[in-house]
1. With a 1.4 Å probe and all protein chains in place, put 314, 340, 383, 141 in order of accessible area, largest first.
2. Which net charge results when you count Lys and Arg as +1 and Asp and Glu as -1 among the other residues whose beta-carbon is under 10 Å from that of residue 477?
3. List every residue whose amide H lies under 5 Å from the amide H of residue 247, counting only residues 5 or more places away in sequence or on a different chain, with H placed 1.01 Å from N in the peptide plane.
4. So, R0 is 35 Å and r is the distance between the beta-carbons of residue 455 and residue 520; what FRET efficiency does that work out to, to 0.05?
5. With a ≥ b ≥ c the root eigenvalues of the C-alpha gyration tensor of the stretch 328-403, is it rounded (a/c under 1.5), prolate (a/b larger than b/c) or oblate?
6. From the phi of every residue in the stretch 341-352, what ³J(HN,Hα) in whole Hz does the Karplus formula 6.51 cos²θ - 1.76 cosθ + 1.60 yield, where θ is phi - 60° and glycine or proline is x?
7. Set the Förster radius R0 to 56 Å, insert the Cβ-Cβ distance between residue 90 and residue 397 as r into 1/(1 + (r/R0)^6), and round the FRET efficiency to 0.05.
8. For a test of the definition: using alpha carbon positions, the gyration tensor, and the 1.5 limit on a/c, classify the stretch 382-423 as rounded, prolate or oblate.
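The values are calculated or read from the model by the stated rules, or taken from the named source; none is laboratory data. Remember, it's a predicted structure, so these values are computed and weren't measured experimentally. So basically every Cβ, Gly included, is an ideal-geometry build from the backbone, and we count neighbours across all protein chains shown. Each accessible area value is taken on the protein alone, full model and side chains, heavy atoms only, with ligands, DNA and RNA left out. Shrake-Rupley method; radii C 1.70, N 1.55, O 1.52, S 1.80 Å.
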Amino acid sequence: MNNILYLIIGLLVGVGAGVPIGRFFLRKLFKDQEAAAQNKVKKILKEAENEAELLKKNRLLEAKEKFLQMKAEHEQEISGKNNAISQRENGIKQKEQSLNQKLENANRKDQELENVRKNLEKQTELALKKQEEVEALKSQHIEQLENIAGLSAEEAKNQLVDNLREEARTKAMMQIKDIVDEAKLTAVKEAKKVVIQTIQRTATESAIENTVSIFNIDNDEVKGRIIGREGRNIRALEAATGIEIIVDDTPEAIILSGFDPVRREIARLAMHRLVTDGRIHPARIEEVVAKTKKQIEEEIVEIGERTVIDLGIHGLHPELIRMVGRMRYRSSYGQNLLQHSREVANFCATMAAELGLNVKLAKRAGLLHDIGKVPDDNPELPHAILGMQLAEKYKENPEVCNAIGAHHDEIEMTSMISPIIQACDAISGARPGARREVVESYIKRLKELEELALSYPGVEKTFAIQAGRELRVVVESEKITDAQSEILAADISNRIQTEMTYPGQIKVTVIRETRSVAFAK
């Protein structure tokens, strides 16, 4: 405030009195400011020195406290180590005392054993002397007996052994005869008991296969889309799947007819995809059917793997596992083949356990006994022989192979498991409601019909539809001309008339299709 006053006065005086007076006051003002600045610097320096001194004292105190703390911790650690050393020394002393005591006991026992050994030596000497006396008396007794009987000891011994042997043989033969008679009386009873227990312990149900599948739809408008313009969609479906598709007045249902369960399942799944997707035309139908076939093959492998896991069978070849999965879509006289094989496997395991045989091998042979019914090739071989060859090909146990090949008496049985497989197969197939002979003969006739047409060169695919009343033959357009197609249809129909027995009439349709494909890039 004074500086400002001086400044104002200096300015006023400078204005009024002139430049010399103004300079005087300005010089005085600058000196006063310098003096104030120096005083402020000294004050700051003094305060800094005081703070530094105080900080130094605090650091020293902290260092002393830390030193004392570390010293206390060190002393505590040393004390703990000393205590541990003392405890170890006490333990060592105790062990030393225990060892000394054990050593004294051992020395005492050694002395006792030495005394016992000396006593035994004395007793052994006495026993040897008594044995010599007994041997001498025995020799005298034998000499007296030989003199009385007129026979030597060796002759008497041989005569006694012969008499005992003859008596033992006579008794053994009598016992064997009694055992055989008893076994004959009880064998049938025991066999019936094992079979009845096996049947009672395995729950089964009737397994009847049909030759039609029902595809349910939400409304009847879908039927028109499946048929397509002029029936092109339904014809494409039938050509791709080999299944007859029946669209009639049945409400909200389409019937899929065919003897091959795999084809029916492919057709059903393909129709489900097409209806769900909404795009139904010939090109899309072929694409969906191809994808569905691949999906069915994957499901077949999955079914086979799940079956062997459920039955506890390990180490089965992947190709055999795939064949087991295909059993799901095969039937034997109307009985589902996979269900039948699972039943036989469980029957065999139960019966083998009752008889004390190898349960795992019996269950394995039971599952694979009808594996020869799965392949479509080699129809001239019995399925038992074909199944045995497949099992040998994939390195199955010889007992399993023999059981598969002998379960219909095509070959001689060489193991105990083989008659069990035969009996269990009969148990599963002979129970009421298990099989239908008519279905099996019907399916066999349809297969023979398709195989007859496939035997001609240039034939690509054959489909028996409409319960065997129509045979559709798809030929390769590069190998068969239109004129040759007509001749082929006539030849197939003539051969069917001469070689097969069937009710009614069979319509033979030869389909030759030419496609031209180009790509716009």
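1. Heavy-atom accessible area, descending, gives 314, 141, 383, 340.
2. -2
3. none
4. Given R0 = 35 Å and the Cβ-Cβ separation, E is 0.25.
5. Since a/c reaches 1.5 but b/c is at least a/b, the shape of the stretch 328-403 is classed as oblate.
6. Residue by residue, the stretch 341-352 yields 5, 5, 4, 4, 4, 5, 4, 5, 4, 5, 5, 5 Hz.
7. In this case the efficiency is close to 0.25.
8. oblate
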